[in-house]
1. Which strands (runs of 3 or more DSSP E) does segment 66-169 wholly contain that include 2 or more residues that are more than 20 Å from Gly449 (Cα to Cα) and out of contact with any Cys (no Cβ under 8 Å at 6 or more places or on another chain)?
2. When you check Leu378 against the structure, is it more than 27 Å from Thr410 (Cα to Cα), assigned to a loop (DSSP other than H, G, I, E, B) and touching a residue at least 12 places away in the same chain (Cβ under 8 Å), yes or no?
3. Inspect segment 215-224 for any residue being of a type in the set (Ser, Thr, Tyr) and either in a strand (DSSP E or B) or closer than 16 Å to Leu304 by Cβ (or both) and give the result as yes or no.
4. Could you list all residues from segment 392-438 that are within 23 Å of Ala120 (Cβ to Cβ) and loosely packed, with under 14 Cβ neighbours inside 10 Å?
5. Could you give me the residue pairs with C-beta distances under 8 Å whose first residue belongs to segment 198-212 and is modelled with pLDDT of 95 or more, whose second residue is aliphatic (A, V, I, L, M) and in a loop (DSSP other than H, G, I, E, B) wherever it lies, and which are 6+ apart or on separate chains?
6. Which of the numbered conditions does Gly223 fail, given that it passes all the others? Conditions: (1) surrounded by fewer than 19 Cβ atoms within 10 Å (Cβ to Cβ); (2) over 30 Å from Ala495 (Cα atoms).
7. Just to be sure, is Pro454 in contact (Cβ under 8 Å) with a residue 40 or more places away in the chain, in a helix (DSSP H, G or I) and either in contact with a helix residue (DSSP H, G or I) (Cβ under 6 Å, 6 or more places away or on another chain) or surrounded by 18 or more Cβ atoms within 10 Å (Cβ to Cβ) (or both)?
8. Using the structure shown, decide if Glu94 is acidic (Asp, Glu) and either crowded, with 22+ Cβ neighbours inside 10 Å or in contact with a strand residue (DSSP E or B) (Cβ under 8 Å, 6 or more places away or on another chain) (or both).
Amino acid sequence: MDAKPYRKFVIVGGGTSGWIAAATLIQALKGHLGEVELIESDEIGTVGVGEATIPPIQFLNGLLGIDEYDFVRKTQATFKLGIQFRNWGRQGQEYFHPFGAYGEPIDGVGFHHYWLRLRANGEGGSLDSYALSTVAAKAGKFATPPKDLPPGVPGLGYAYHFDAGLYAQYLRAYAEARGVKRTEGRIAKVEQRLEDGFVSGLVLADGRRVEGDFFVDCSGFRGLLIEQALEAGFEDWSHWLPCDRALAVPCENAYPLTPYTRSTAREAGWQWRIPLQHRTGNGYVYCSDHISDDEAAATLLANLDGKALADPRPLRFKAGRRRKAWSKNVVALGLAGGFMEPLESTSIHLVQTGAMRLLALLPLGGYDPAAEHEYNRLTQIEYEQIRDFIILHYCATERDDAPLWTYCRTMAIPDSLAHRIELFRSRAKIARYDDQLFAEPSWLAVFLGQGVAPRDYDRLADAAAYDEVVARVRRIGQANAGLVSRLPTHDAFIAAACKADPLAA
């Protein structure tokens, strides 16, 4: 066992993953508890398709002390209130997954049970009208809380769309200003101790050697340290998530800039649309068993808002996770640790939570097998919960118009997800696990949006007088509509508060 204190932390790879790791580590160490060095090569490109995020990124920015509007301007960002899904449940149908709750509980019972009670009597209208983020997104409105919202009104749940390359540059500037050393070079050899296999150093192509005590592998799919050197193993989930390729391409913007991501199901996968200030990011995630690369490119290019600004860039991947995200003195973040297709914008989030977990268990006193075990336990739970949420989008479909959708509709699913679906169908209850990423409103949006209909609701919702329920529910819908009517448009808010320098594009 390595008992000496860890004081030199080496990050392998840059991009979003590497620079999140560098920024969080240097912020935590504060120049007193250790040094951080990041090795990256300009010869090796980064994937960089993670342009859409989810609300917890605000915690990361807050931890780092990042000024929100400065960050938005310098990354060409826009704001995101949720995700619009088209053609997932069936062709021609759409629904919205909002950031934020539907209404508010009444007497401790979830709002959607009261809404289901009203719906059984032909009242209540659309559930969308009770989610502030959905109402604002459909109206193209936005304002950051709390300074732009009336007192007492719950704020909009939101995240960002941004240019992943500019975000990496932004974090690099942050990290280097605080003492992170960046070393340019390509790693030619990973050195390991003979007695226990721990990584001891890295040899660059030009012969330079970089030593370290603890290593963070952000080398992408290849997993230079975690897999090629330490052989951590990979758990393949492609039988549940069969898409294995993607094409990414930017195009000219269409206005107004929508404050949400769009995901459109296609014949052999799905297409993303992410509006930024200077362009729109697009991509087609697909299963190569059901469409050729050329056909996928043609489909993508035929469904853009404007002129393509580059040729489609291909990516290949396999859904799954490393069996050990932490092995010996190496932790893998980002694609080195696993791949979850970006359907619910979890790619950057998984880097963030992995980095936060590392800080919580950082072995400054030397190798700690208990910390390694706990890190891997929590990482497995997180990946599996997100996996189940993404599989739900595929298996809860009525589509039978293409082989991919027929396969997904009829495939065997994880027992954990099967339980969630049956519990919801039974009485509109949503199985919850401690600290899981996707809360009740997220599951509710996808369940109902894709036609998973509950047979009943929580009958405690019948305890309140019917007229009182009608009045309370109506007030929430009216309050949301009134508030959104007073908000600026998304475009107007950006122009007034955080417009990027047009020359920076």
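1. On the way: elements: 78-80, 82-86, 94-98, 159-161.
Filter on segment 66-169 gives 78-80, 159-161.
2. Numbers: more than 27 Å from Thr410 (Cα to Cα): yes; assigned to a loop (DSSP other than H, G, I, E, B): no; touching a residue at least 12 places away in the same chain (Cβ under 8 Å): yes.
When the stated conditions are applied, Leu378 does not pass them.
3. No; the residues of segment 215-224 include none that is of a type in the set (Ser, Thr, Tyr) and either in a strand (DSSP E or B) or closer than 16 Å to Leu304 by Cβ (or both).
4. Listed by number, the residues that qualify are Glu422, Ser426.
5. Val199/Leu225; Val199/Ala229; Val199/Leu230
6. Failed condition: (1).
7. Details: in contact (Cβ under 8 Å) with a residue 40 or more places away in the chain: yes; in a helix (DSSP H, G or I): no; either in contact with a helix residue (DSSP H, G or I) (Cβ under 6 Å, 6 or more places away or on another chain) or surrounded by 18 or more Cβ atoms within 10 Å (Cβ to Cβ) (or both): yes.
Criteria not met by Pro454.
8. yes
The values are calculated or read from the model by the stated rules, or taken from the named source; none is laboratory data. Please read these numbers as outputs of a predicted model, since none were measured by experiment. When we count neighbours, we look across all protein chains shown, and the Cβ atoms used for this are built from the backbone with ideal geometry, even at glycine.
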